[in-house]
Amino acid sequence: MLIVRLKQCEHALADGRLDRAFDLARESDFRADRRGQELIGRLAQQLALRGQEHVEAQRVVEAAADCEKAQSLGGNMPQVAQLRRAIADATAKRMDDDRVRGQALAAARRHIDAGQLTMGGNLLTAADGDARADSLQQEIDNKRATLQSALTKASAAFAAGDWENAVDQLAGLRRQFPADSSLRDLSSKINQQVTAKITAALEGGRLDLAAALLNRLDRLAHPSVELDQIRAALGQCRAAFELLRETEAQQATEILRRLAPLWPKAAWMKPAVGHLEQLAESLKELRSGPLALTTLAPMPIDPHQTMMPESVKPVSPTPIAPPKLPATPSGSRFVLHVDGVASFAVLTQPVVTIGPVSSSSAPDVALLAGAGMPTISISRTEDDYVLQAREQVLVNDKPTTGKLLASGDKINLGPRCRVTFRRPSAASGTAVLDLSGARLPRGDVRQVILADREILIGPGSTAHVRSDDLAQAAILQPNRGKLTLRSSEAIQIDGQPAPKQADIPVGAHVRLGPVSFVVTHE
């Protein structure tokens, strides 16, 4: 039988059927025969040679199997040792390649999510041949097709004079593709045309139409300084009318007097100021006349009515105090408008109150919500933030009147009003409030920054203002009424080069590398 197996092994080895030859040669009686020993030596060399071919073809698993077989037959012969080193090198290279591909895929995913499709597609070349790269490339192609289709339809609608349809086509795309130049240009044209319509409506006294057009245009998500000014003017007009409802004509007059110089073409403002001045004077006369004396004496009792028991003393009516004008929030506050990203309300005071805009004592963060919504305060002590409320509110769906806030805590102020507290950077004391279900009077502001020492503007989730177009984070630092910007990127202020550390004037157009922003008073 041994002779037969020796002959079969010789034929298998000659035909290149090394696995069959190995099955025959691993029997114990093979090694006891001189002819068998010779065959084992030749087979071990052939297995090591085939394993080397597997390594060169990047078939590491097959190479490792041949290495084990050759070692079991011929021991640690030089060819086996050389093959083992080659397998180790190939394995290390594969791990490095996998790591590079993984990093490239992760970076591509970040750029795709940020709408930077070209950069994401370029990164996929480092992971060529990977099924995940093919999936991401398909996603890029789909997003490009969606964007191009929307741009084509919106351009046709805008050219036909139907800007509302154009806005419908582009709604939400600016957040998905903030870096697309075609989308930015078309959005800018639509924004410019509709802004002129809103301005004309405001100047013509059609504040309802101006607000409706503004809300419609907000779907475009193309913030601009002009729209910020219009939004602020409409908010102040609303505040003036609410004061008028409460017969606080003098305070409403002061608001319109401040607005009138800013809108010289609004012919309705001057007569409105005149009527308010007359109303304020009339109310002043009424409040200081005979009617006011009724609050100084008890209410007379009708003698024909049943007399009250002596033990029950009549109670004088308590005069109703006039509603208070919302106090100016303490601390420094401003609006940071970053083109292509968003607008942020920034507050630097250590204690911030949040509540409905109709509250008798106006909160620092006034929300357009019902008067029944509770008012809360968030105070900063060193690097900690503490929530306090007079009545219970839900924090992470648990009722409480006080809590040390952690990043990610969700504060429910009403059925449709939620505030999410975030600390993007553990090294910074600055926090961010994300609003959901409730809006500020400025419709473009959906986030509030509680600034401590600095505001980080840069890439990644650790920035307070995320802009993945920047290579490194820049620091915007409020300091004694001034704003200082420090960055490794080139800085321009109103088109003029500025040093790497520069003071930022209010209203100036600042370009920080590929990103531009404006700081305005609220």
The Kirkwood hydrodynamic radius of segment 165-260, taken as the inverse of the mean 1/r over all distinct Cα pairs, in Å, comes to 14.6 Å
Along the charge dipole of the chain, pointing to its positive end and built from +1/-1 on Cβ of Lys, Arg, Asp and Glu, which listed residue (Val55, Val386, Ala366) has its Cα farthest out?
Val55
Linear extension gain, Arg175 paired with Asn215, 0.36 nm per residue minus alpha-carbon span:
12.7 nm
Ratio of alpha-carbon Rg to the 2.2 N^0.38 Å globular estimate for segment 1-129, to two decimals, please.
1.58
Pop out the carbon and sulfur fraction of the accessible area of the chain as a percent, whole number, probe 1.4 Å.
53 percent
Simple spin-label estimate for Ala490/Ile3, 7 Å along Cα→Cβ, in nm, reads 9.1 nm
What is the dipole size for segment 176-248, taken about its Cα centre, with +1 at each Lys and Arg Cβ and -1 at each Asp and Glu Cβ, in debye to the nearest 20?
260 debye
Taking amide H positions as placed in the peptide plane 1.01 Å from N, state which residues far from Leu483 in sequence (5 or more) or on other chains have amide H under 5 Å from it.
Ile504
Taking square-rooted eigenvalues a ≥ b ≥ c of the alpha carbon gyration tensor, is segment 376-457 rounded, prolate or oblate, where a/c under 1.5 means rounded and, failing that, a/b exceeding b/c means prolate?
oblate
By the gyration tensor of its Cα atoms, with a ≥ b ≥ c the square roots of the eigenvalues, what is the shape of segment 218-273: rounded for a/c under 1.5, prolate for a/b over b/c, or oblate?
oblate
Only Lys, Arg (+1) and Asp, Glu (-1) charged, at Cβ; the chain dipole about Cα centre in debye
220 debye
Report the charge-dipole magnitude of segment 448-522 in Debye, nearest 20, computed about the Cα centre from +1 at each Lys and Arg Cβ and -1 at each Asp and Glu Cβ.
200 debye
For the pair Arg109 and Gln148, what calculated FRET efficiency results from E = 1/(1 + (r/R0)^6), where r is the Cβ-Cβ distance and R0 = 25 Å, to the nearest 0.05?
0.70
Return the FRET efficiency for the residue pair Ser288, Val506: r is the Cβ-Cβ distance, R0 is 30 Å, and the value is rounded to the nearest 0.05.
0.15
Per the Kirkwood formula on distinct C-alpha pairs, the Rh of the chain is how many angstrom?
29.8 Å
Please name whichever of Leu259, Gln447, Asn215 sits farthest to the positive end of the charge dipole of the chain, dipole taken about the Cα centre and charges placed at Cβ: Lys and Arg +1, Asp and Glu -1.
Gln447
List the equivalent ellipsoid semi-axes of segment 152-194 in whole Å, largest first, each obtained as the square root of 5λ for an eigenvalue λ of the Cα gyration tensor.
16, 10, 9
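Beyond 31 Å between alpha-carbons counts as too far, so tell me which of Lys69/Lys93; Lys153/Lys265; Lys197/Lys284; Lys143/Lys482; Lys270/Lys482 fall in that bin.
Lys153/Lys265; Lys197/Lys284; Lys143/Lys482; Lys270/Lys482
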Rounded to the nearest 10 Å², what accessible area does Thr125 show when all protein chains are kept and the probe is 1.4 Å?
100 Å²
Can you figure out the FRET efficiency of His275 with Gln229, using R₀ = 25 Å and their beta-carbon distance, to the nearest 0.05?
0.50
Please list, or write none, the lysines whose alpha carbon is within less than 27 Å of the alpha carbon of Lys398, excluding same-chain residues fewer than 8 places away.
Lys410
Which value in deg cm²/dmol, rounded to the nearest 500, describes the helix-derived mean residue ellipticity at 222 nm for the chain, given -39,500 (n - 2.57) per DSSP H run of n ≥ 4 and division by the residue count?
-15000 deg cm²/dmol
So for segment 431-517, using the alpha carbon gyration tensor with a ≥ b ≥ c as root eigenvalues (a/c under 1.5 gives rounded; past that, a/b versus b/c decides prolate or oblate), I'd call it prolate
Please report the relative contact order for the chain, taking Cα pairs under 8 Å with a sequence separation of at least 6, and give it as a percent rounded to a whole number.
7 percent
Per residue, how much accessible surface does segment 1-94 expose to a 1.4 Å probe? Answer in Å², no decimals.
59 Å²
Expressed as a whole number of Å, what is the distance separating the alpha-carbon centroids of segment 227-244 and segment 144-222?
23 Å
What length, rounded to one decimal in nm, is gained on full extension from Leu262 through to Val386, with 0.36 nm per residue of separation minus their alpha-carbon distance?
40.7 nm
Can you list the HN-Hα couplings for segment 194-200, worked out from phi with the Karplus curve (6.51, -1.76, 1.60; θ = phi - 60°), rounded to whole Hz and with x for Gly and Pro?
6, 4, 5, 5, 5, 4, 4
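The values are calculated or read from the model by the stated rules, or taken from the named source; none is laboratory data. Everything quoted here is computed from the prediction, not taken from an experiment. Virtual Cβ from ideal backbone geometry, glycine too; neighbours counted across all protein chains shown. For the accessible areas, the whole protein counts, side chains as well, though only heavy atoms, and no ligand, DNA or RNA atoms are used. Shrake-Rupley method; radii C 1.70, N 1.55, O 1.52, S 1.80 Å.
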